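Can you read through this structure? Questions will come right after.
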Amino acid sequence: MNPTRDTHATLVDLLDRVLDKGLIVDADLIIHVAGIPLLGVKLRAALAGMETMLKYGIWENWDEAQRAIATEEYRQKKIAGAPEDEVAALCHKSGGTGVTI
């Protein structure tokens, strides 16, 4: 298979490919002044769309944790904006023992 060059490829095409397939960056950077190393940085990064990351199991735990946090925040906002009789019902449904207002 010989590589081909598409002269009509755009930045959107590149971004679509990176998000679909993914990109791994592994770099070491050392800054020297007068032959003395002052700063060293080791960079490892993965760039891909969420679907690609989840497909390969890279951020599965992170995704589940974020969904749980969002659900809890939504529940707390719903309780904060609900009248007192609805708060008691929501706490009963969620297994809570009560809410102090």
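Checking the structure you have, find out if any residue of region 77-100 is within 27 Å of the chain's Cα centre (by Cα), surrounded by fewer than 11 Cβ atoms within 10 Å (Cβ to Cβ) and at pLDDT below 85.
yes
Name every residue in region 1-53 that is part of a strand (DSSP E or B), β-branched (Val, Ile, Thr) and surrounded by fewer than 10 Cβ atoms within 10 Å (Cβ to Cβ), in order of residue number.
Let us first name the residues in region 1-53 that are part of a strand (DSSP E or B), namely 23-33, 36-47.
Those left that are additionally β-branched (Val, Ile, Thr): 24-25, 30-31, 33, 36, 41.
Result: Ile24, Val25, Val33, Ile36, Val41.
The values are calculated or read from the model by the stated rules, or taken from the named source; none is laboratory data. Remember, it's a predicted structure, so these values are computed and weren't measured experimentally. Backbone-built Cβ (ideal geometry, glycine too); neighbour counts: all protein chains shown.
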